[in-house]
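A short write-up of the structure that comes next.
The values are calculated or read from the model by the stated rules, or taken from the named source; none is laboratory data. Treat the numbers as computed from the prediction; the structure is a model and nothing was measured. Here the Cβ positions follow ideal geometry from the backbone for every residue, glycine too, while neighbour counts run over all protein chains shown. Heads up: the accessible areas ignore ligands, DNA and RNA and are worked out on the full protein's heavy atoms, side chains in. Shrake-Rupley method; radii C 1.70, N 1.55, O 1.52, S 1.80 Å.
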Amino acid sequence: MKFYLRVFLIAICFCSSKASAQQIRTIEVPDLQAILHPPHDSLYILNFWATWCAPCVAELPTFVKAEKQYKDAKFRFFFVSLDFKKDYTAKVIPFIKKHLPESTVYLLGDSNYNSWINLVNPEWQGAIPATFIVSSDPSKCKFFEGEISEKQLFDSLDTLK
Amino acid sequence: MKKLMILLFAFAFTFSAQAQVPSVGLKPGDTAIPFKLKNIDGKMVGLNDYANLRGVILIFTCNHCPFSVAYQDRIVALNKKYASLGFPVIAINSNDAEAYPEDSYDNMIIRAAEKKFTFPYLLDDTQVIAKAYGAVRTPHVYLLQHADNGFAVRYVGAIDDNSDDPAAVKIKYVENAITEIMKGKVVSEPFTKAIGCTIKWKK
């Protein structure tokens, strides 16, 4: 009985902790627009990446670490994969299951890039990795095109905490 | 070289009015920067060698990037279709081969042979040309049209609107731009964006 109670309590803990459950979802541009506008007082961190992009893959652990460290802050991390649709089943999903086990991962397969890159940020030329910190407060928004170092990311998040 | 550096500085301090167009590098309407780079056959190829032609499809690309790979056949097809109309392709690889050995000069030679490149595939070893043009991704196209003072940039961006599937392409940006230029019209969509690999800068 005691054992079952413990399992039950552990289960509750997992359910109530917002960042612990993995979420993988295919999304379209309107869904992307929704996460570009976080509710008041919260910050969304969007990392655009792909399994074929070596520097993207190299920096993922930094984001996973940040996500854990800032779990209690009003930050939410979204990993937006720009992988090719044909690679989802064999390559992308297994990769995500292994390397982003507790994260929210969106798969954006719309390859008409010119139609949506400016929606994310007009300054973005389309190279990945690209990281966006978005907030309803424009002074808190940040954009990094290309690789971001652990120090850069953590310093940015610290100033926004 | 000195001239180029001055130009580079000038570009670094030029900010464009339109937010979508990068603040550094060449924009549609600008004059193309001349270059002379080593081709896969060991010979030097320069923009000036093309002075008698109507234009050039200049493409920053590389070996390793999956987007460049996805577009390889389409780049070969562009040259096949447009070289005889006066718009041949020149491909340039600016990537740091130390970080990405697949993009080395030797591997460029191999790839060009495998894919039967019928156009120059140049090595931008110092990365000066990519920086001068403002190329950030691969592939990144600069469509140049012959002008009085050299070449004018008429289009900057992607080859078409579907990297994934050539059969599903709806808009062929580069081809449309060439068609408009040949008809004497202004290019109606002179700038597009695409997802791509970053150009791998030397550290």
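For the pair residue A:40 and residue B:38, what calculated FRET efficiency results from E = 1/(1 + (r/R0)^6), where r is the Cβ-Cβ distance and R0 = 51 Å, to the nearest 0.05?
Computed FRET efficiency for residue B:38 and residue A:40: 0.35.
Among B:108, B:89, A:33, whose Cα projects farthest towards the positive end of the dipole of the protein assembly as shown, with charges put on the beta-carbon of Lys, Arg (+1) and Asp, Glu (-1)?
Toward the positive end, the furthest listed residue is A:33.
With r as the distance between the Cβ atoms of residue A:123 and residue B:203 and R0 = 25 Å, compute the FRET efficiency 1/(1 + (r/R0)^6) and round to 0.05.
0.60
Looking at the stretch A:22-160, how many pairs of lysines come closer than 22 Å at the Cα, when each pair is eight or more places apart or spans two chains?
25
How tilted is helix A:54-69 with respect to the longest principal axis of chain A? Cα atoms for both, answer in degrees (0 to 90, nearest 10).
Around 40 degrees separate the two axes.
Calculate the spin-label point distance for residue A:71 paired with residue A:93, positioning each point 7 Å from the Cα along the beta-carbon direction, and give it in nanometres.
Using points 7 Å along Cα→Cβ, the separation is 2.7 nm.
So what is the diffusion coefficient of the stretch A:22-160 in µm² per second by Stokes-Einstein at 10 °C and 1.306 mPa s, using a Kirkwood Rh over Cα pairs?
On the way: Rh = 15.1 Å.
The Stokes-Einstein estimate is 105 µm²/s.
Summarise the accessible area of the stretch A:22-160 (1.4 Å probe, protein heavy atoms) by the percent that is carbon and sulfur.
That share works out to 52 percent.
Can you list the HN-Hα couplings for the stretch A:140-149, worked out from phi with the Karplus curve (6.51, -1.76, 1.60; θ = phi - 60°), rounded to whole Hz and with x for Gly and Pro?
Per-residue couplings from phi come out as 9, 7, 9, 9, 10, 9, x, 5, 10, 7 Hz.
Rounded to the nearest 100 Å², what's the accessible area chains B and A bury against each other, both chains counted, probe 1.4 Å?
Approximately 2000 Å², summed over both chains.
What range in chain B is the longest one free of chymotrypsin sites (Phe, Trp or Tyr not before Pro) that are in a loop by DSSP and have at most 16 other Cβ atoms within 10 angstrom? Walk me through the intermediate numbers first.
Values: sites that count: B:13, B:15, B:201.
After excluding every exposed loop site, the longest remaining stretch is B:16-200.
Rolling a 1.4 Å sphere over the protein heavy atoms, what is the accessible area per residue of the stretch A:22-160, to the nearest Å²?
Per-residue value: 44 Å².
What does the structure give for B:56-69 when I average, per residue, the other chain Cβ atoms found within 10 Å of the residue Cβ?
Other-chain Cβ atoms within 10 Å of each residue's Cβ, averaged: 1.
Can you list the residues of the stretch B:151-173 that have at least 40 square angstrom less accessible area with all protein chains present than in their chain by itself, probe 1.4 Å?
B:161, B:164
Would you mind calculating the relative contact order of chain A from Cα pairs under 8 angstrom and at least 6 residues apart, reporting the percent as a whole number?
Once normalised by length, the contact order is 31 percent.
What average count of beta carbons from other chains do you get within 10 Å of the Cβ of residues in A:125-132?
6
Taking R0 as 30 Å, what's the FRET efficiency between residue B:186 and residue A:136 from their Cβ-Cβ distance, rounded to 0.05?
0.15
May I ask you to give the solvent-accessible area per residue for chain B, in square angstrom, as obtained with a 1.4 angstrom probe?
46 Å²
To the nearest 10 square angstrom, what accessible area does residue A:139 show with a 1.4 Å probe?
90 Å²
Just to confirm the filter: which trypsin sites (Lys or Arg not before Pro) across the stretch B:70-124 are DSSP coil and have at most 16 other Cβ within 10 angstrom of their Cβ? Write out the running numbers ahead of the final one.
Numbers: sites: B:74, B:80, B:81, B:111, B:115, B:116; in loops: B:115, B:116.
Loop-located and lightly packed - B:115, B:116.
Starting from 0.36 nm per residue, how many nanometres of slack lie between residue B:171 and residue B:102 once their C-alpha separation is accounted for?
21.8 nm
Taking H as built 1.01 Å from N, whose amide H comes closer than 5 Å to the amide H of residue B:161, not counting residues under 5 places away?
Residues meeting the criterion, in which the H sits 1.01 Å from N, are B:170, B:171, B:173.
Considering amide H positions built from the backbone, and no H for Pro or chain starts, which residues 5 or more places from residue B:40, or on another chain, come under 5 Å of its amide H?
B:121
At q = 0.09, 0.13 Å⁻¹, what is the base-10 log of I(q)/I(0) for chain B according to the Debye formula with one equal point scatterer per Cα and no solvent? Please give it to two decimals.
-0.30, -0.66
If you add up the charges near residue A:22, with Lys and Arg at +1 and Asp and Glu at -1, over every other residue whose beta carbon is less than 10 angstrom from its beta carbon, what do you get? Walk me through the intermediate numbers first.
Working: positive: A:97; negative: A:102.
My count for the surroundings of residue A:22 gives 0.
Would you pull out the residues with amide H under 5 Å of residue A:104's amide H, same chain only if 5 or more places away, H placed 1.01 Å from N?
A:23, A:79
List the residues of the stretch A:71-86 whose backbone N lies under 13 Å from a point placed 7 Å from the Cα of residue A:23 along the Cα-to-Cβ direction.
A:76-80
At a cut-off of 30 Å², which residues of the stretch A:30-57 become less accessible once all protein chains are present than in their chain alone, using a 1.4 Å probe?
SASA drop of 30 Å² or more in the stretch A:30-57: A:52, A:55.
Please say if the stretch A:20-68 is rounded, prolate or oblate, where rounded means a/c under 1.5 for a ≥ b ≥ c the square roots of the C-alpha gyration tensor eigenvalues, and otherwise the choice is prolate for a/b larger than b/c and oblate otherwise?
Taking the square roots of the gyration eigenvalues as a ≥ b ≥ c, the stretch A:20-68 is oblate.
Just from its helices, what would the mean residue ellipticity at 222 nm be for the protein assembly as shown, if runs of 4 or more DSSP H residues each count -39500 (n - 2.57) and the sum is divided by every residue, rounded to the nearest 500 deg cm²/dmol?
Roughly -9500 deg cm²/dmol at 222 nm, from the helical runs in the protein assembly as shown.
Counting only protein heavy atoms and using a 1.4 Å probe, what share of the accessible area of chain B belongs to carbon plus sulfur, as a whole percent?
With neighbouring chains kept in place, the figure for chain B is 57 percent.
Could you tell me which Cys residues in chain B have no other cysteine's Cβ under 4.7 Å from their own Cβ, answering none if every one has a partner?
When partners are defined as cysteine Cβ atoms under 4.7 Å apart, chain B leaves B:62 without one.
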